[in-house]
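**Q** Take this structure first; my questions come after.
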Amino acid sequence: MSADFDVVVIGAGAVGLACARALAQSGCSVLVVESAPRIGEGVSARNSEVIHAGLYYPSGSLKARFCVQGRRMLYAYLETKGVAHRKCGKLVVANGAQELARLDDIAAQAARNGVENLHRLSRDEAVAMEPALRCDAALLSNETGVFDSHGYMLALQGDVESAGGHVIVDAPFEAAQRSTQGWRVRIGGRAATTIEAGAVVIAAGLQAQAVAARIDGYPAQSIPALHYGKGHYFRLQGKAPFERLVYPPPIPGALGTHYRRDLGGAAIFGPDLEYVTTLDYAVDVSRATRFYADIRKFWPDLPDDALIPDYAGIRPKIHGPGEPQPDFRIDGPEHHGLPGVIALFGIESPGLTSSLAIGAWVDAQLRAADRMRP
């Protein structure tokens, strides 16, 4: 008896769908299961929709590798699929001697990561591009942009289904046990069922740790701790002041409160970073005070009472406050000892930009392990 599917992918966010697309287009039979009523309602729906160039990430890290590769793949994919996007560029701005030194470090790291089209600008050059800007110097990243993340995920879903794969929603993963075919996977929800699969990919974002714990034999010590990193966003009432993205140097654990002009022309600021213990997506309006202070460092003309609460997102961090920011965790059998299982943990920024590259890597790893039919 053969398995029902070569691979079950748990989670229909951007990364799960990108993995499923790569696997399906390689000839594998794929089922994507999603606990929510629609695709992409978790981490993938509550972010900045920025295409990152790959400036900051440590040399040789998965983040550095997948961000640069994924960004190149993503622009080509969005163009081919007609998904809305804009390569608007980004200014990383510095004010004061300490931040100026950090610009040099960022530029050096970007060069090591193979990032193209990055230029150091003087204050006058930066202000000539964005007259409302205040800075002592800046880095211009021409490869950074914004895009329609939900349109992207719909395109991925279409590719999965065109290649013979299936995406089902309202279908929470409940458990998996070893079987002669690989894995017996139990799915709940309205269409509760049990299927046989050769391999399992955990791409469940904020639920990845809980999913791993429900796979029989998955060692608890191999599941990293989960921390909720909440980020608030505020919208500007009035005309957007800049065409390009504007970022300060990164803060510990995040990229810092930044500016973007979205595809609709609105000015959005955020996210900040607050560690929380519950999945509460309400915007804390009291945090606006800090937003005004941070924004006025690079846009001193921000009017009083111009910011309104917009939305909040929660990132699946695998480090807590004061801890160094780790790399993506993409754990195969060499980490947990379970053949045919790949678990993705801590896929926060730049996970959206990296998603196509992550999908290609997961496909290559599973096929190399010979866990599926050709």
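The values are calculated or read from the model by the stated rules, or taken from the named source; none is laboratory data. Computed from a predicted model, the values in this text were never measured in an experiment. Here the Cβ positions follow ideal geometry from the backbone for every residue, glycine too, while neighbour counts run over all protein chains shown.
**Q** Considering region 217-241 alone, what residues qualify as being under 21 Å from the mean Cα position of the chain (by Cα) and not in a strand (DSSP E or B)?
**A** 223, 224, 225, 226
**Q** Continuing with the same structure: So, of the residues in region 305-322 that are under 7 Å from residue 227 (Cα atoms) and part of a strand (DSSP E or B), which turns out to be nearest to the chain's Cα centre (by Cα)?
**A** 316
**Q** What about residue 36, is it under 27 Å from residue 207 (Cα atoms) and surrounded by fewer than 18 Cβ atoms within 10 Å (Cβ to Cβ)?
**A** yes
**Q** Sticking with this structure for a sec: From the list 149, 141, 122, exactly one residue is at pLDDT 95 or above, within 30 Å of residue 191 (Cβ to Cβ) and hydroxyl-bearing (Ser, Thr, Tyr). Which is it?
**A** Going through 149, 141, 122 in turn, the sole match is 149.
**Q** With 167, 201, 246 as the choices, which residue is at pLDDT 95 or above, closer than 28 Å to residue 321 by Cα and buried (at least 16 other Cβ atoms within 10 Å of the Cβ)?
**A** 246 is the lone residue from the list that is at pLDDT 95 or above, closer than 28 Å to residue 321 by Cα and buried (at least 16 other Cβ atoms within 10 Å of the Cβ).
**Q** What pairs can you find where one residue is in region 64-77 and of a type in the set (Val, Ile, Thr), the other is crowded, with 24+ Cβ neighbours inside 10 Å, and their Cβ atoms are less than 6 Å apart, with a gap of 6+ or different chains?
**A** Close Cβ pairs satisfying both conditions: 68/54.
**Q** Another question about this same structure. Collect the residues in region 88-106 that are over 22 Å from the mean Cα position of the chain (by Cα) and touching a residue at least 40 places away in the same chain (Cβ under 8 Å), keeping them in residue-number order.
**A** Result: 93, 94, 95, 96, 99, 102, 103.
Condition check ((1) within 20 Å of residue 45 (Cα to Cα); (2) aliphatic (A, V, I, L, M); (3) surrounded by 14 or more Cβ atoms within 10 Å (Cβ to Cβ)) across all residues:
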residue: 304; (1), (2), (3): no, no, no
residue: 319; (1), (2), (3): no, no, yes
residue: 341; (1), (2), (3): no, yes, yes
residue: 345; (1), (2), (3): yes, no, yes
residue: 352; (1), (2), (3): yes, yes, yes
residue: 355; (1), (2), (3): yes, no, yes
residue: 361; (1), (2), (3): no, no, yes
residue: 368; (1), (2), (3): no, yes, no
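**Q** Scanning for something assigned to a strand (DSSP E or B), free of Cβ contacts under 8 Å to residues at least 40 places away in the same chain, of a type in the set (Lys, Arg) and out of contact with any Gly (no Cβ under 9 Å at 6 or more places or on another chain), does region 257-267 turn up at least one residue?
**A** For region 257-267, residues assigned to a strand (DSSP E or B), free of Cβ contacts under 8 Å to residues at least 40 places away in the same chain, of a type in the set (Lys, Arg) and out of contact with any Gly (no Cβ under 9 Å at 6 or more places or on another chain): absent.
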